[in-house]
Amino acid sequence: ATGGVDGPVDAWLARMQFELGMPGVQRSAQSALTDPQLSGQDLCNALFLLADSQFQQKHYGEAIQTLEQLGKLRRHSMQWLLMAQCYAEVGNAAAKERALQSAVHINPRLTKIQRQLAEIYRLRGNEARARYHEVRSVP
């Protein structure tokens with residue numbers, strides 16, 4: 001009502017827009033991030049949603065920077081999966097692998113990612129690491 005920034009409200013709006021597939025996610029997330037008092041889960045949600053929007057717009061470098069900032073605040077497998085996608089798009093296979101490893105360290109039940117890592121190691125001829133991830137790929 002006063003025309004000021006309300007970061008938590010904007011962060012929630014961004015989340016709702018994202019979940020409902022509505023436009024404006026990036027605008028709402030960026031608005032939330034202008035609130036110097038924004039913290040905790042609201043800050044993390046706004047950063048993740050901004051990174052996702054940047055990825056969708058093919059601004060992979062910006063998304064990586066946003067995700068790196070988010071990585072200093074929380075550990076969540078989804079942000080590392082998005083990071084892996086960004087690195088894949090910019091052609092950085094080593095960084096993609098590290099991001100996938102981070103994701104499965106946080107959540108070992110990511111069976112598709114375990115299979116993907118098994119394939120990466122199998123193609124490199126590292127059968128021991130391939131088997132390690134293959135065993136963990138069974139639900």
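Worth a mention:
- Across region 118-132, rounded Karplus estimates of 3J(HN,Hα) from the backbone phi angles (6.51 cos²θ - 1.76 cosθ + 1.60, θ = phi - 60°) give 4, 5, 4, 6, 5, 5, 7, x, 9, 5, 5, 5, 4, 5, 3 Hz, Gly and Pro being marked x.
- Solvent-accessible area per residue in region 37-89 equals 51 Å², computed with a 1.4 angstrom probe and all protein chains kept.
- Once the chain from Asn107 to Ala94 is taken as fully extended at 0.36 nm per residue, the excess over their C-alpha distance is 2.7 nm.
- Residue range of the chain that is longest and free of trypsin sites (Lys or Arg not before Pro) which are both DSSP loop and sparsely packed (at most 16 other C-beta within 10 Å): 1-57
- Cα-based convex hull, the chain, per residue volume (Å³, whole number): 111 Å³
- Mean ellipticity per residue at 222 nm, deg cm²/dmol - from DSSP H runs of n ≥ 4 across the chain, formula -39500 (n - 2.57): -23000 deg cm²/dmol
- Residue with peak Gaussian network fluctuation, the chain [Cα springs, cutoff 10 Å], from Leu20, Leu33, Leu67: Leu20
The values are calculated or read from the model by the stated rules, or taken from the named source; none is laboratory data. If you're wondering where the values come from, they're calculated on a predicted model, not measured in any experiment. Cβ atoms come from the backbone with ideal geometry, glycine included; neighbour counts cover every protein chain shown. For the accessible areas, the whole protein counts, side chains as well, though only heavy atoms, and no ligand, DNA or RNA atoms are used. Shrake-Rupley method; radii C 1.70, N 1.55, O 1.52, S 1.80 Å.
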